[in-house]
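None of the figures in this text is laboratory data; all of them are computed from the coordinates on show. Everything quoted here is computed from the prediction, not taken from an experiment. Cβ atoms come from the backbone with ideal geometry, glycine included; neighbour counts cover every protein chain shown.
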């Protein structure tokens with residue numbers, strides 16, 4: 001088991017434009033989502049394509065991550081991420097759609113685990129725990145800041 005696919009969907013009672021704006025303002029992630037992002041710096045931008053250096057927080061540790069991200073105007077983003085220190089890489093998709101007075105967030109992260117030892121605990125640790133943590137750290141913050 002080298003790869004894990006994480007997937008979840010959430011509903012936010014806020015306009016798609018507001019959710020999109022917050023979720024694609026990467027350099028403000030540390031301000032908006034301090035439990036998961038320590039820093040994000042855009043190092044290259046060509047239209048809707050960005051390359052970023054980030055420091056993320058996970059499992060009580062801080063990890064550098066290189067991100068190659070495409071913003072999908074009004075729809076979300078897709079990103080290929082590398083975290084050599086944590087021993088993972090992945091393809092992330094955050095897609096937004098309007099639905100009944102709010103925004104549906106459809107999130108998928110395909111994670112490749114490069115460290116053999118991490119593979120042993122990967123499914124419960126990365127699979128269940130990380131999605132629950134992401135929901136608390138990101139989705140709950142979106143709800144707190146955007147739902148009226």
Label-reachable residues, segment 53-87, where backbone N falls under 13 Å from a point 7 Å from residue 46's Cα toward its Cβ | 69-70
With the 8 Å Cα cutoff and a minimum separation of six or more residues, segment 3-146 has a relative contact order in percent of 28
Per the Kirkwood formula over distinct C-alpha pairs, the hydrodynamic radius of segment 3-146 in angstrom is 15.5
Grab the DSSP H runs of the chain that are 4 residues or longer, score each as -39,500 (n - 2.57), total them, divide by all residues and round the 222 nm result to the nearest 500 deg cm²/dmol.
-> -5000 deg cm²/dmol
Exposure proxy check: 35, 136 ranked by fewest other beta carbons within 10 Å?
-> 136, 35
Counting only backbone N atoms under 15 Å from a point 7 Å out along Cα-to-Cβ of residue 93, the residues of segment 56-76 in range are 70-73, 75-76
Name the shape class, rounded, prolate or oblate, that the alpha-carbon gyration tensor gives for segment 1-74, where a ≥ b ≥ c are the square roots of its eigenvalues, rounded holds for a/c under 1.5, and otherwise prolate holds if a/b is larger than b/c and oblate otherwise.
-> rounded
